[in-house]
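**Q** I'd like to ask some things about the structure below.
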Amino acid sequence: MNNNKILYIPLDDRPVNLEVVIQLANLAELEIKVPKKENLGSFFNEGNVELIKEWIKSEKCDALIVSLDMLIYGGLIASRTDKKSLEESRKILNFLKDYKKENKEIKIYAFSNIMRLSISVSNDESQIWWGKINEYNELRYRVESLNEVSLKNKLNQIESEIPQDVLNTYLRTRERNHKVNMESIELVKEGIIDFLILSQEDCSKYGLHLIEHKRIHEKINKYKLEDRIYVYPGADEIGQILVSRYVNDIRGFRPKVYVDFDDKEAEDSIPKFEDRSLKININEHLKSTNALIMDKYDECDYILAVTTPNIPYIDMASDTIENYNKKIVIDNFISRIKNYINLGKKVSIADLAFSNGGDEYLIKRLKEENLLLKVISYGAWNTAGNAMGTSIAHGNIISNINSNNNLNFKKSLESLKFLIERYCDDYIYQSSIRNETNKEVLKEGLSIFNMNKRVEKIDSFVEKSLNRMTNDYFYKSKVSYLEAKGEIEEVIVKAKLPWNRTFEVECEVNIKFKEGRYED
């Protein structure tokens with residue numbers, strides 16, 4: 001395949017931004033290169049911007065997929081600090097101008113975050129300021145933009161409770177990032193950046209980000225760049241989305257996708273940490289990959305099966321599921337999924353019922369109906385935007401391979417491994433093992449937000465727990481997944497906490513697979 005070599009500059013070094021993207025690129029038969037991991041930084045240690053720029057200049061490629069937050073600031077966490085001045089940031093952004101002048105044939109696909117409502121959490125104290133700045137942000141928007149003057153006293157009270165230096169740093173950083181994002185639009189207009197996604201990190205239906213969105217959209221519309229710039233809630237999934245977009249572009253392929261919500265009446269609900277309806281965000285994610293959204297499932301390449309948010313919201317990083325109320329909806333949904341698969345349709349699941357983890361009842365019903373390893377993909381991690389991004393990128397790539405008649409046993413097994421890793425991470429760790437890990441960390445007298453060092457005892461606990469539960473689900477499973485037919489004879493999970501906090505896990509699943517056909 002021509003045009004198959006890409007350079008990828010991730011948002012940071014976490015698995016969702018690095019390893020997952022590499023896996024999807026390899027599945028799509030792209031040759032993907034990334035900078036040395038030590039140059040990407042980690043958590044509060046920023047990436048080495050100068051070495052990354054030198055690396056980009058030294059490598060040959062057909063396309064550059066680049067996080068502007070890494071290129072300019074040194075990563076996601078660094079982008080929420082004010083270490084880099086606006087002038088320094090502009091200078092680094094202009095590096096892309098010089099790069100494009102010298103490499104006119106190289107396509108540049110860029111992505112940048114619109115800053116979230118609050119600050120980064122590094123310890124128990126910053127968790128308090130995180131909550132208060134979130135509240136300040138929403139109140140200030142409602143008072144100043146919506147003229148809800150009755151909230152003025154509450155805004156003043158919240159503002160007085162936040163250390164002045166913490167608030168000022170946040171506001172300065174927000175202003176700088178917005179100006180850089182506005183200038184990135186100019187680079188699209190000038191033909192330097194070929195395609196751009198401005199992803200809105202954690203937000204809500206009220207906040208200062210909405211003022212920025214208005215200015216961004218005015219500029220996009222002014223330059224008539226609506227087909228080259230997308231703006232929607234998300235962040236960590238965008239590397240995956242852009243790999244999918246690039247594959248579609250170079251192969252001239254537009255996946256046909258039918259979206260089925262578990263509850264049609266809930267498609268307009270607004271997920272936690274987002275500012276628009278679920279349906280709108282899914283449509284924008286799909287369109288940004290150049291997929292076609294179909295009205296009927298008959299001619300689609302795959303069905304995106306979406307679970308809608310449980311109301312009241314449930315966040316698996318902090319809540320219990322005592323308010324779960326979707327069993328009847330899920331039972332009906334499972335029946336539809338089973339029917340689609342029996343008709344020979346490919347189904348990708350975006351499990352968006354909860355934030356930060358998968359729906360236990362959905363997984364239970366999938367297992368009971370022997371569907372866990374018959375759907376082609378699954379995503380349930382972090383926010384709705386994050387999870388749908390993985391489900392869409394994986395679904396698109398499988399459809400792309402299938403359209404080229406390259407969906408052989410090897411590719412199917414590679415994709416199956418990726419699917420099991422999603423269950424292992426998104427559901428087993430995030431919805432179950434993380435809470436148990438929190439207890440173990442607290443027993444050691446450490447913070448779940450930052451243990452400050454690698455704790456082998458904790459990593460060992462995580463790995464053993466994931467091995468036990470993943471084997472409970474998949475050991476000796478009979479498999480009919482794409483072109484991979486047979487039985488899983490062994491499941492081995494390697495795992496650790498990559499940022500020395502409990503929020504995310506890095507897990508690698510290896511399976512021993514015995515080929516053979518079986519009857520359901």
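The values are calculated or read from the model by the stated rules, or taken from the named source; none is laboratory data. Keep in mind it's a predicted model, so treat the numbers as computed, not measured. Positions of Cβ are backbone-derived with ideal geometry, glycine not excepted, and every protein chain shown enters the neighbour counts.
**Q** Please note which strands (runs of 3 or more DSSP E) are completely contained in the range 285-399 and include at least 2 residues that are not small (Gly, Ala, Ser).
**A** Filter on the range 285-399 gives 292-294, 302-307, 347-351.
**Q** Inside the range 98-155, can you point out the residues that are more than 30 Å from Gln240 (Cα to Cα), without any contact (Cβ under 8 Å) to a residue 12 or more places away in the chain, in a helix (DSSP H, G or I) and not hydroxyl-bearing (Ser, Thr, Tyr)?
**A** Glu125, Ile128, Glu144, Val149, Lys152, Asn153
**Q** Being in contact with a strand residue (DSSP E or B) (Cβ under 9 Å, 6 or more places away or on another chain), of a type in the set (D, E, K, R) and under 22 Å from Ser85 (Cβ atoms) narrows it down to one of Glu186, Glu175, Glu237, Glu212, so name that one.
**A** Testing whether each residue is in contact with a strand residue (DSSP E or B) (Cβ under 9 Å, 6 or more places away or on another chain), of a type in the set (D, E, K, R) and under 22 Å from Ser85 (Cβ atoms) leaves just Glu212.
**Q** Also: Out of the range 168-189, which residues are surrounded by 18 or more Cβ atoms within 10 Å (Cβ to Cβ) and charged (D, E, K, R)?
**A** Arg174, Arg176 - these are the residues of the range 168-189 that are surrounded by 18 or more Cβ atoms within 10 Å (Cβ to Cβ) and charged (D, E, K, R).
**Q** I'm checking my understanding of the structure. Among residues of the range 88-140 that are farther than 27 Å from Gln157 by Cα, among the polar types (S, T, N, Q) and surrounded by fewer than 19 Cβ atoms within 10 Å (Cβ to Cβ), which one is modelled with the highest pLDDT?
**A** Among those that are farther than 27 Å from Gln157 by Cα, among the polar types (S, T, N, Q) and surrounded by fewer than 19 Cβ atoms within 10 Å (Cβ to Cβ), it is Asn103.
Every residue, every condition in (1) among the hydrophobic types (A, V, I, L, M, F, W, C); (2) under 28 Å from Glu436 (Cα atoms), yes or no:
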{"residue": "Tyr313", "(1), (2)": "no, yes"}
{"residue": "Asn323", "(1), (2)": "no, yes"}
{"residue": "Asp331", "(1), (2)": "no, no"}
{"residue": "Asn342", "(1), (2)": "no, no"}
{"residue": "Asn356", "(1), (2)": "no, yes"}
{"residue": "Leu362", "(1), (2)": "yes, yes"}
{"residue": "Asn370", "(1), (2)": "no, yes"}
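**Q** Can you name the residue in the range 368-395 that is in contact with a His (Cβ under 8 Å, 6 or more places away or on another chain) and of a type in the set (Gly, Ala, Ser) and, of all such residues, is surrounded by the fewest Cβ atoms within 10 Å (Cβ to Cβ)?
**A** Ser377
**Q** Could you list, in sequence order, all residues of the range 400-431 that are in a helix (DSSP H, G or I) and either acidic (Asp, Glu) or free of Cβ contacts under 8 Å to residues at least 40 places away in the same chain (or both)?
**A** The answer is Lys410, Glu414, Glu421, Asp425, Asp426.
**Q** Looking at the range 62-101, which of the residues that are of a type in the set (S, T, N, Q) and more than 21 Å from the chain's Cα centre (by Cα) is nearest to Leu171 (Cα to Cα)?
**A** If we take residues in the range 62-101 being of a type in the set (S, T, N, Q) and more than 21 Å from the chain's Cα centre (by Cα), then Thr81 is nearest to Leu171 (Cα to Cα).
**Q** Okay, next question. Could you grab me the full set of residues in the range 1-36 that are charged (D, E, K, R), surrounded by fewer than 23 Cβ atoms within 10 Å (Cβ to Cβ) and under 17 Å from Cys507 (Cα atoms)?
**A** Arg14, Glu19 - these are the residues of the range 1-36 that are charged (D, E, K, R), surrounded by fewer than 23 Cβ atoms within 10 Å (Cβ to Cβ) and under 17 Å from Cys507 (Cα atoms).
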